Amino acid sequence: MITSKDGSSSKRKKGASEGYTRLFLTVGSMDKVKKKDIIHFLVSKANIRESDIQGIDIKRKFTFVNINDKAVKKVMRHCQKEKLNGRKVEIEQANSR
């Protein structure tokens, strides 16, 4: 639980923090990708800084990545349908829960 300044509490939400957008990538641990692979892919293809990448959450068939709002367009434009570990990656904005 997180307690705010006004004393109310709430459960921590999964997702991106302010200033970041959570993206969904169609590549995961079954494709043998690691965090360093995701970082290298995004930095080299989209020409963004490593500091533009905030959390990476790799699941079996997909990955969530939090990207600085200012870098999202570059990632969507330059990384969409590019290959990572031999798999074509589809990217879309993740749904918030």
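The values are calculated or read from the model by the stated rules, or taken from the named source; none is laboratory data. Here the structure is a predicted model, which is why all the values come from computation and not from measurement. A quick note on method: Cβ atoms are made from the backbone with ideal geometry, for glycine too, and the neighbour counts reach across all protein chains shown. Protein only, heavy atoms only, side chains kept; ligands, DNA and RNA dropped before computing areas. Shrake-Rupley method; radii C 1.70, N 1.55, O 1.52, S 1.80 Å.
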Task: Any pair with Cβ under 8 angstrom, 6 or more apart, that starts in the range 45-66 at a residue that is free of Cβ contacts under 8 Å to residues at least 60 places away in the same chain and under 11 Å from LYS35 (Cβ atoms) and ends at one that is open to solvent by 50 Å² or more (accessible area, probe 1.4 Å) and small (Gly, Ala, Ser) - done: ILE58/SER29
Task: Qualifying positions in the range 22-64 - open to solvent by 30 Å² or more (accessible area, probe 1.4 Å) and among the polar types (S, T, N, Q) - done: THR26, SER29, SER44, ASN47, SER51, GLN54
TODO: Filter the range 12-69 down to residues that are at pLDDT below 95 and in a loop (DSSP other than H, G, I, E, B), then give me how many there are.
DONE: 8
